[in-house]
1. Take region A:93-133 and flag every residue that is closer than 24 Å to B:Gly432 by Cα and not in a loop (DSSP other than H, G, I, E, B).
2. Can you spot a residue in region B:381-389 that is within 14 Å of chain A (Cβ to nearest Cβ) and in contact with a Leu (Cβ under 9 Å, 6 or more places away or on another chain)?
3. Quick one: which of B:Ala277, B:Ala257, B:Ala252 is in contact with a helix residue (DSSP H, G or I) (Cβ under 6 Å, 6 or more places away or on another chain), surrounded by 22 or more Cβ atoms within 10 Å (Cβ to Cβ), at pLDDT below 85 and away from chain A (no Cβ under 14 Å)?
4. Say whether the condition of being over 25 Å from B:Thr365 (Cβ atoms) and touching a residue at least 24 places away in the same chain (Cβ under 8 Å) is met by at least one residue in region A:94-105.
5. Out of the residues in region B:172-209 that are more than 26 Å from B:Leu82 (Cβ to Cβ), of a type outside the set (D, E, K, R) and touching a Lys or Arg at 6+ places or on another chain (Cβ under 8 Å), state the one that is farthest from the other protein chains (Cβ to nearest Cβ).
6. Report every pair of residues separated by at least 6 positions or lying on different chains whose Cβ atoms are under 9 Å apart, first residue within region B:283-307 and at positive phi, second surrounded by fewer than 22 Cβ atoms within 10 Å (Cβ to Cβ) and at pLDDT 85 or above.
7. Is there a residue in region A:13-27 that is within 14 Å of another protein chain (Cβ to nearest Cβ) and in a loop (DSSP other than H, G, I, E, B)?
Amino acid sequence: MTSDRREFLKKLGIGVGLASVAGQGLASLRSLVPNVSYDAPTVVKLGIPAEFPEGMKFLPEQRLFVFREGNVFHAISAVCTHLGCTVRAEALSSPVMKKVGGAELRLTHRFLCPCHGSQYTGDGQNVAGPAPRPLEWWALSVAPDDGQLVVDLAKPVERSFRLTTA
Amino acid sequence: MAVLPTVPPEAPRPAPGVHLRRLWSVRPASDREAGDAIVANFILHWFPARSLKESMEWRYSLWLGTISTALLALLVASGIPLLFLHIPSVERAYGSVKDIENVVTFGSWIRAVHRLGAHLMVAVVFLHLARVFLTGAYKNGVGRGQNREWNWVIGVVMFLLTLFLSFTGYLLPWDQLAYWAVTVGTNIASAVPLVGAQMRELLLGGRAIDQPTLTRFHVLHVIVLPGVLGVLFAYHMWRIRKDGGLARADHATRLPAPAEVPAERTRTKTYSLLGVARGQGPLIRASSVERPETTVSSVPDLTRRVALVMLGTVAVISILAVFVPSPLEEPANALVTPNPAKAPWYFLWLQEIVTDTTIRIGSFTVNGALVGGVILPGLLVALLVVWPWLDRSPAAAAGRWFPRSRRTQNAVFLVIVAIVILLTIVGTFSRGPYWHLYWPWQAWPEMPTRF
């Protein structure tokens, strides 16, 4: 009987010891997983559509290329799909017409990544290098309050997406 | 009343296990004094009382482990002033490193010592690993209770810690190299299946690289990783003793004894001069090892060499640091990726393979980040870890350079090392803007550095 109790208390002691170490360890690790994000918001106002230049504009803060053709807009991410470096746009010597998402698109640039040499055509299609996917297209809209162009950097869209402003 | 005879007071004797000499003698007068120096000293008791001459040969171990230790000590020593001077904040880190470089007296020299020491440590720890592999020193020899495999595993972990220490260290200046290295490095982590995204968030302390990221890497670099490395280092040293010294000792037992050995010298003992054996048996019951001609007192023969190697390492780094300046790139700029964006030399082979390993089968694509950044290096590390259990060569191959019985595995190891070196060279000299291949003599095209 006594030896049973001794055995039980020994196991209890070891068990409690291990449980408390594990508990402290898990609590410490969990405390490092952020609960609040102070990241920049993903929905960003970019400016009055009419003030965008015809062709392409690079917005470094949002890592975004905004394209304008008359009153038609679309936006392509500048984040390489391989390992997240910012791709650079290189102007083509002459624009190329390409059917993108059912409509003809005038491609004026191509995109090159400085980190590992991925290459994309002007519509974001990956054509060379290690990039596994095309560049993201982000949703554009017009802010109802002040008419600014708004991008949602968390909302990918099909490549047929075009925003036509009034 | 009886008068007791007066007894002259005896000089107090030291308690058992207490040694009177404060510092060890550099020139002990007797074997006893030499042995005492080891037993009584906190640092020296890592060492056996007597060392095998063959284990101390320069050409066997090349003393790479001792050099690594010296570099670690130097990195801790040079890290402390830097720790006082560096400000781990995204706004001020770059400025503080610039101050260390240009304003602080001796600042640029201390930073150069720290940086060169780190670069050299990666190289020397790797060379140490290569030496242990090529000499089969992870193999158990003739002693009972040896577990050299586990010391090899500890060694592999320490090598990985050295790499991770370098990685976390070069982030701290918060320059362009730092910023884009974290971008690429943590994106490689996020390529791990299932838990990748969470791992990246845990490393970054958020979804974007910001102050929490710098804080985390700073804490890892100055406390967590050095602490773990220090503990493993102590364990690594202790295991060498438990395993009966370097594998060279096992090799030495197979050599013919130089002369006839008196019978009583070979009797079994529970203590070997070279290490403390597990169990009751002798660790190494070979006459050729325990003969006085084959061993020397560790004090001063071993300690002198250790001191020489350490002094030499410190001298080389201190002098190099005067002549080799430490670069500091532009301040971290989330808006512009440098072109080309290169990792430091010891990660360039990885940058090469993540470039070349995106696999496409029809419409199905596997990102090179997973293949080249996770699977291939993971496989190499896993192979290193399990290799001692796969190696079927005889125990006699332990502690010798290039034994015939291990010719194939040594050749394969050297081929893999050669490939890694080749990829490193390609990455260093042949990759230009947009990671295109250029011959070293080819000029790079002019690239706009800003939009």
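The values are calculated or read from the model by the stated rules, or taken from the named source; none is laboratory data. Remember, predicted model here, so these are calculated numbers, not experimental data. No Cβ is skipped: glycine too gets one built from the backbone with ideal geometry, and neighbour counts run over all protein chains shown.
1. A:Ser93, A:His109, A:Arg110, A:Phe111, A:Leu112, A:Gln119, A:Tyr120, A:Asn126, A:Val127, A:Ala128
2. For region B:381-389, residues within 14 Å of chain A (Cβ to nearest Cβ) and in contact with a Leu (Cβ under 9 Å, 6 or more places away or on another chain): absent.
3. On the way: B:Ala277 fails: in contact with a helix residue (DSSP H, G or I) (Cβ under 6 Å, 6 or more places away or on another chain); B:Ala257 fails: surrounded by 22 or more Cβ atoms within 10 Å (Cβ to Cβ).
When all the criteria are applied, what remains is B:Ala252.
4. Yes, some residue in region A:94-105 is over 25 Å from B:Thr365 (Cβ atoms) and touching a residue at least 24 places away in the same chain (Cβ under 8 Å).
5. B:Ala189
6. Matching pairs, first to second residue: none at all.
7. Scanning region A:13-27 turns up no residue that is within 14 Å of another protein chain (Cβ to nearest Cβ) and in a loop (DSSP other than H, G, I, E, B).
Residues checked against (1) at pLDDT below 85; (2) charged (D, E, K, R):
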site	(1), (2)
A:Val100	yes, no
A:Leu112	no, no
A:His116	yes, no
A:Gln119	no, no
A:Asn126	no, no
A:Arg133	no, yes
A:Glu136	no, yes
A:Leu149	no, no
A:Pro156	no, no
